[in-house]
Amino acid sequence: MRYAMAVDTKKCVGCSDCVVACQTENDVPIGYCRDWVVESTVGTYPQLETEIRSERCNHCDNSPCVRCCPTGASHYSDGGIVLVTKNKCIGCSACIQSCPYDARFTHPDGYVDKCTFCLHRVKKGMEPACVAVCPTKCMYFGDLDDPNSPVSKILKTRKYKVLAPEAGTKPNVYFLI
Amino acid sequence: MKEELIISGRMNPKIDPVLHAWGWEIPVYLFLGGVAAGLLFFAGLYFILGKENQYTSAVKKAPMLAPIALTLGLVALFLDLHHKLYFWRLYTTIKLVSPMSWGAWTLMIVTPISMIWAALNIKEWFPNWDWKFKIIKDAITFIEQYKKPMAWVMVISAVVLGVYTGILLSAFNARPLWNTSILGLLFLASGLSAGAALIMLLSKNPEERKLFAKLDLLIIGVELFFIIHMFMGFLASTQAQQDAAALFLGGELTAVFWIFVVVLGMIIPAIIEVLELKGKHIPVVIPVALILFGSFMLRWLITHAGQLSRYLY
């Protein structure tokens with residue numbers, strides 16, 4: 001089992017509903033967020049091209065955060081989802097320093113917090129909160145090992161990219177382009 | 001033009017707008033750890049070489065500062081932790097792929113050893129020191145027999161500690177400025193240089209001072225060589241590394257790095273040491289203070305600049 005997500009940059013309008021849904025679902029402290037929306041503009045006026053991406057932890061196959069964690073608090077859970085065990089985390093920020101996506105932050109209670117792909121929902125057969133709430137249905141989630149999962153199907157038919165592949169992290173969040 | 005904006009307004013403390021997860025605590029610790037490594041390395045080395053009565057500052061006097069530096073460094077490290085009550089989790093895990101994990105274990109070995117070594121040589125600082133309790137005196141006489149293996153452990157763990165302070169940073173994939181294994185050797189050299197400087201400061205023996213001035217000159221030469229190699233490596237690498245190096249090569253940290261670290265911290269003390277060896281008398285505290293300052297600034301700037309360098313955006 002390998003959980004992955006695909007975000008359609010052609011369909012995303014940047015409404016930030018995914019961000020609010022995540023904050024509500026996961027009780028993210030006020031002023032923090034586990035996912036965020038990036039608007040990337042390339043070109044010279046009037047030839048401008050804009051891409052909108054809903055970003056979060058990439059749940060990398062080769063996670064530097066898991067490798068650098070001195071206590072094993074950062075670990076791979078079901079389907080390769082990267083999680084932090086609160087009472088093993090010492091809050092040393094090693095994982096924050098090693099994440100090329102700046103997807104982690106220190107929770108006000110001291111431990112490091114991040115996107116969990118809503119594993120608690122996924123275990124019940126539901127989609128992650130951000131995917132479920134998206135008004136343009138631009139996000140796809142599922143198991144890459146299952147050829148019939150929404151994410152496997154869409155990756156078969158569309159061109160995609162991942163963020164900073166040169167960092168060698170083998171990310172599992174795909175952006176359809 | 002390429003512009004990337006987070007339009008959902010992400011403002012995670014210490015992450016946005018610029019990563020600043022580590023403040024003063026980590027560079028202070030890296031400096032103190034490096035100095036302790038330098039002191040313990042020379043203490044162990046010259047004890048093994050049988051020079052304990054010749055080079056008393058190196059073997060007996062200066063290493064007294066090592067446990068103090070290590071303790072203050074550990075306090076700084078502890079202050080940096082955000083989930084402090086769980087710090088003991090470091091010692092329920094051994095994870096070889098995480099430099100922070102084996103660094104924590106190295107500190108567990110090196111700190112008590114530095115304390116024992118200081119206790120064995122306490123009369124060097126306080127000639128009238130009396131341990132008062134018989135049990136402590138017995139323990140000291142017992143440990144005295146094992147000074148040689150202890151010196152070996154000190155030399156080896158000091159090298160590991162010195163390298164670790166650099167490798168700690170270079171293991172973090174996301175920061176191109178840190179992703180160079182030469183950082184381990186550079187920090188080790190800088191720690192040895194700072195250690196040699198402190199030994200010089202505390203030494204009353206002209207022969208010992210001369211030896212450590214020469215050693216220091218050699219180490220400064222090696223350091224400059226490592227710095228040049230570090231930049232060569234960056235400039236021959238990908239855009240991410242080139243951008244990282246640009247912080248010091250024309251970017252915002254150029255002046256502070258080259259003036260404080262290279263000129264004031266290495267070249268001027270080296271010139272003073274050469275003059276000193278040629279017979280001119282310059283107060284030893286000047287080159288020593290400059291070397292310690294340069295050694296600290298190196299860690300301060302590398303820690304700071306690393307957090308400015310990145311792969312994305």
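Taking the Cα centre of chain A as origin and charging only Cβ (+1 Lys, Arg; -1 Asp, Glu), how large is the dipole, in debye to the nearest 20? Kindly include the intermediate steps, with their values, before the conclusion.
Working: 21 positive and 19 negative charges, 74 e Å.
With Lys and Arg at +1 and Asp and Glu at -1, about 360 debye.
Given +1 on the Cβ of Lys and Arg, -1 on the Cβ of Asp and Glu, and no further charges, what dipole in debye does the protein assembly as shown carry about its Cα centre, rounded to the nearest 20? Intermediate values should be presented prior to the final figure.
Details: 45 positive and 37 negative charges, 180 e Å.
Approximately 860 debye in magnitude.
Axis of helix B:285-308 versus longest Cα principal axis of chain B: the two differ by about 30°, to the nearest ten degrees.
The GluC sites (Glu not before Pro) of the range B:227-313 that meet both conditions, a loop assignment by DSSP and at most 13 other Cβ atoms within 10 Å of the site Cβ, are B:GLU252.
Of all aspartates and glutamates in the structure, the ones whose alpha carbon falls short of 14 Å from that of A:LYS170, not counting any fewer than 8 places away in one chain, are A:ASP61. Which of B:VAL284, B:VAL163, B:VAL97 ends up with the largest GNM mean-square fluctuation for chain B, with Cα atoms connected below 10 Å? Highest fluctuation of the listed residues: B:VAL97. The radius of gyration of the Cα set in chain B, together with its Dmax, comes out at 21.0, 76 angstrom.
Mind sorting B:HIS83, A:HIS59, A:HIS107, B:HIS20 by how few other Cβ atoms lie within 10 Å of their own Cβ, fewest first? Kindly include the intermediate steps, with their values, before the conclusion.
Numbers: B:HIS83 22, A:HIS59 27, A:HIS107 19, B:HIS20 13.
Exposure proxy ranking, most exposed first: B:HIS20, A:HIS107, B:HIS83, A:HIS59.
State, to one decimal in nm², a quarter of the convex hull surface area for the C-alpha atoms of the range A:3-176, i.e. the direction-averaged projected area.
On the way: hull surface 42.9 nm².
The Cα convex hull of the range A:3-176, projected and averaged over all directions, gives 10.7 nm².
Residues of A:99-105, mean number of Cβ from any other protein chain within 10 Å of their own Cβ, rounded to a whole number? Please report the intermediate quantities before stating the final value.
Working: counts 6, 9, 4, 11, 2, 3, 7.
Mean partner-chain Cβ count within 10 Å for A:99-105: 6.
Candidates A:THR116, A:LEU144, A:VAL42 compared by Cα position along the dipole of the range A:3-176: farthest toward the positive end lies A:LEU144, with charges placed on Cβ. With neighbour counts taken as other beta-carbon atoms within 10 Å, the residues B:MET108, B:MET154, B:MET115, B:MET1 rank, fewest first, as B:MET1, B:MET108, B:MET115, B:MET154. For peptide B:174-182, the mean count of partner chain Cβ atoms within 10 Å of a residue's Cβ comes to 3. Here is the list for the range B:68-152: trypsin sites (Lys or Arg not before Pro) lying in DSSP coil, each with at most 14 other C-beta atoms within 10 angstrom of its C-beta, are B:LYS132.
Springs between Cα atoms under 10 Å define the GNM used for chain A, and in it the highest mean-square fluctuation of A:PRO64, A:PRO46, A:PRO29 occurs at A:PRO46.
For the protein assembly as shown, the 222 nm mean residue ellipticity estimated from helices alone, with every DSSP H stretch of n ≥ 4 adding -39500 (n - 2.57) and the total spread over all residues, rounds to -15000 deg cm²/dmol. Measuring between alpha carbons in the structure, the pairs from B:LYS60/B:LYS123; B:LYS14/B:LYS95; A:LYS86/B:LYS14; B:LYS123/B:LYS210; B:LYS51/B:LYS132 lying more than 21 angstrom apart are B:LYS14/B:LYS95; B:LYS123/B:LYS210; B:LYS51/B:LYS132. Peptide B:12-25 shows a mean partner chain C-beta count of 4 within 10 Å per residue C-beta. Along the range A:124-132 the Karplus relation, 6.51 cos²θ - 1.76 cosθ + 1.60 evaluated at θ = phi - 60°, assigns HN-Hα couplings of 8, x, 9, 7, x, 4, 4, 5, 4 Hz to successive residues, with x for each Gly and Pro. Straight-line reach from B:LYS204: taking Cα to Cα under 20 Å and skipping same-chain neighbours fewer than 8 places apart, the aspartates and glutamates in range are B:GLU52, B:GLU124, B:ASP216, B:GLU273, B:GLU276. Here the Gaussian network model covers chain B, with springs between Cα atoms less than 10 Å apart; of B:ASN179, B:ASN128, B:ASN53, B:ASN128 fluctuates the most.
What you get for the range B:25-308, charging only the Cβ of Lys and Arg (+1) and of Asp and Glu (-1), is a dipole of about 640 debye around the Cα centre.
The range A:105-177 and the range B:178-256 have Cα centres spaced 43 Å apart. Backbone amide hydrogens, once placed in the peptide plane, bring A:GLU55 within less than 5 Å of A:TRP36, A:VAL37, A:VAL38, excluding anything fewer than 5 places away on its chain.
On the basis of the beta-carbon distance and an R0 of 45 Å, B:LEU5 and B:ALA255 show a calculated FRET efficiency of 0.90. Under 19 Å from a label point set 7 Å out along the Cα-to-Cβ vector of B:HIS20, the amide N atoms of the range B:53-83 belong to B:79-82.
Only the coordinates and a few stated rules stand behind these numbers; no lab work does. Because the structure is a prediction, the values reported are computed rather than measured. With ideal geometry, Cβ positions are generated from the backbone for all residues, glycine too; neighbour counts draw on all protein chains shown.
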